[in-house]
Amino acid sequence: METQDKTGCFFRFEELRIYAKAVAYSQWLLQSLHQPVSEAQKNLFNSFCHSSYDISLNIAEGSSRNKSQFEHYLKISKTAIRECYVYTSVAAGIGLFSEEEATQSSEYLMEMTRMLGALIISLQRGRRTSDDEREAVASDDAIDAIDSIETDF
């Protein structure tokens, strides 16, 4: 018994480019960060990695919710990106990143911020369209109800 066809994805979030980019960033981060030696560096390393995982985890979690909740989880992902940006600066300052790696991390993070922003705007537009459609249907229903009342007299 196969639960997923060969061309599709079992989970909706697997089809999102931003999800793939977030996973790629976490993988790149693990390969790029230099081995921490002090306890402070290990704490930074762990926190940095945790925030990078939070980006994709929140995208995955939000994708199973309604549009409004999905938007909320995407905003949490943006918060995790900002955390990673701060960790990038600190990591570069204490030698866990080279200057080139810090630049590459920043570029990844800025691209993901733009992608999330575009997805959030898309969800908001879709929600507004749905709200407008509901209002139009409600308005049409109200007019029909008024017409039926007027014809009853």
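The values are calculated or read from the model by the stated rules, or taken from the named source; none is laboratory data. Just so we're clear, the structure is a prediction, and the values are computed from it rather than from any experiment. No Cβ is skipped: glycine too gets one built from the backbone with ideal geometry, and neighbour counts run over all protein chains shown.
Tabulated results
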| item | result |
| --- | --- |
| Leu57 being surrounded by fewer than 16 Cβ atoms within 10 Å (Cβ to Cβ), under 27 Å from Phe97 (Cβ atoms) and aliphatic (A, V, I, L, M) | no |
| Candidate set: segment 89-108, residues that are without any contact (Cβ under 8 Å) to a residue 40 or more places away in the chain and closer than 19 Å to Asp54 by Cβ; chosen: the one surrounded by the fewest Cβ atoms within 10 Å (Cβ to Cβ) | Ser89 |
| Odd one out for Phe45 among (1) aromatic (Phe, Trp, Tyr); (2) surrounded by 17 or more Cβ atoms within 10 Å (Cβ to Cβ); (3) closer than 19 Å to Met115 by Cβ | (3) |
| Test result for Tyr73, surrounded by fewer than 19 Cβ atoms within 10 Å (Cβ to Cβ), touching a helix residue (DSSP H, G or I) at 6+ places or on another chain (Cβ under 7 Å), part of a helix (DSSP H, G or I) and not hydrophobic (A, V, I, L, M, F, W, C) | yes |
| Only one of Gln27, Gln31, Gln35 that is exposed (fewer than 12 other Cβ atoms within 10 Å of the Cβ), over 18 Å from the mean Cα position of the chain (by Cα), at pLDDT 95 or above and not basic (Lys, Arg) | Gln31 |
